[in-house]
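Enquirer: Just passing along the structure, written as structure tokens.
Only the coordinates and a few stated rules stand behind these numbers; no lab work does. Just so it is clear, the model here is predicted, and its values are computed rather than measured. Note that each Cβ is placed from the backbone with ideal geometry, even for glycine, and that neighbours are counted across all protein chains shown.
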């Protein structure tokens, strides 16, 4: 008779049963995850804040024009979107992290890029077999929240500006507006040709704008008179050897707000006209995006008027031009219309590195 086979200890059998139970449970969980709808994150086009666009194919990161739904966690911030390139999640204020997405080809490529929150981030190289060899820069109002460089609310008085240009009897004063509270009041009497302030002071030190940089400038404005003038806002040139005077300015002409752009040696061309006529005493909101460059078409400007991104006369929302002279500063106030008394009211002027940072 053969000796009896040794019996496994009870503790070993119990352990094996537990392992089998865990394996079955994991299989069930995997099947449930695969069949469940993924959580989603929605990408909003920064070119038109608040406007949702069409939904794209989440599974391949399709380059649809608009709001694309991708698998992810709602805890993540909305990613920036670069058509044909990677999708980058902001990793810190004003920055865009790396991400993956599909190129125009049939295969999925990956892209990694950085941004400065100014709408220039999102560059990435496609690595799929048939993906585009390079990603496309995401343009618009800033991929991340950006940062506020200067808050020009009247708290602190005229020291918020670097230089005043308002000879007596003209004046720059602070008044209390019924709608907005403290506002700037640039009062130009008849017979004078200007009353303004240019340059900004941060911690009472003049801020130096730079070439090859991107800025956003926002403010509210209303006028006592809508007669034709030279400018209500200027991106003014300063320094020896300037050739543009003002690369661009906003002025009143024919009862409308206009943008006049000036290349070196030219008298300027009107490249935008407000869709509705100006009315005395009516507030309007402006945001101007500027990429500075001393190349003839190396820079660009963008304009949001009353919260809507505008198209210039050439149909583009970004107008390519020379935006940097020897040195440039923003200038608010009334210029021209020498025969008329005119008051320019300005509320909440701001300078930052993204659209979001200067909207009030």
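Enquirer: Quick check: the distance between the Cα centres of the range 284-337 and the range 198-242, to the nearest angstrom?
Expert: 11
Enquirer: Give me 249, 175, 334 sorted ascending by neighbouring Cβ count inside 10 Å, so fewest comes first. Provide the component values of the computation, followed by the final result.
Expert: Details: 249 21, 175 13, 334 28.
Least to most surrounded, the residues fall as 175, 249, 334.
Enquirer: Please arrange 326, 287, 359, 260 by how many other C-beta atoms lie within 10 Å of their C-beta, fewest to most.
Expert: 326, 359, 260, 287
Enquirer: How long is the gain from residue 212 to residue 284 if the chain were fully straight, where each residue apart is worth 0.36 nm and the alpha carbon distance is subtracted? Kindly include the intermediate steps, with their values, before the conclusion.
Expert: Details: separation 72, 0.36 × 72 = 25.92 nm, distance 2.92 nm.
Full extension from residue 212 to residue 284 adds 23.0 nm.
Enquirer: Still on this model: What's the extension gain from residue 306 to residue 158 if we count 0.36 nm per residue and subtract their Cα-Cα distance?
Expert: Gain on stretching residue 306 to residue 158: 50.6 nm.
Enquirer: Turning to a different aspect of this structure: Please report the base-10 log of the normalised intensity I(q)/I(0) for the range 255-360, using a Debye sum with one equal scatterer per alpha carbon and no solvent, at each q in 0.23 (1/Å).
Expert: For the range 255-360, the Cα-only Debye profile gives -1.60.
Enquirer: Sticking with this one: Can you sort 203, 329, 294, 208 from fewest to most other Cβ atoms within 10 Å of each residue's own Cβ? Before the final figure, lay out each step's value.
Expert: On the way: 203 7, 329 20, 294 17, 208 11.
Least to most surrounded, the residues fall as 203, 208, 294, 329.
Enquirer: Work out, step by step, the length gained on full extension between residue 295 and residue 263: first 0.36 nm times the residue separation, then minus their alpha carbon distance; give nm to one decimal.
Expert: 10.5 nm
Enquirer: Something else: Please find the FRET efficiency linking residue 205 to residue 340, where r is the Cβ-Cβ separation and R0 is fixed at 30 Å, and quote it to the nearest 0.05. Intermediate results must be reported in sequence, preceding the final value.
Expert: Numbers: r = 36 Å, r/R0 = 1.19.
Working from the Cβ atoms, E equals 0.25.
Enquirer: Please work out whether the range 243-284 counts as rounded, prolate or oblate from its C-alpha gyration tensor, where a ≥ b ≥ c are the square roots of the eigenvalues and a/c under 1.5 means rounded, while otherwise a/b larger than b/c means prolate and anything else oblate?
Expert: It comes out prolate by the Cα gyration axes.
Enquirer: Hey, rough spin-label estimate for residue 175 and residue 273, points 7 angstrom out along Cα→Cβ, what's it come to in nanometres?
Expert: Each label point lies 7 Å from its Cα, and together they span 3.0 nm.
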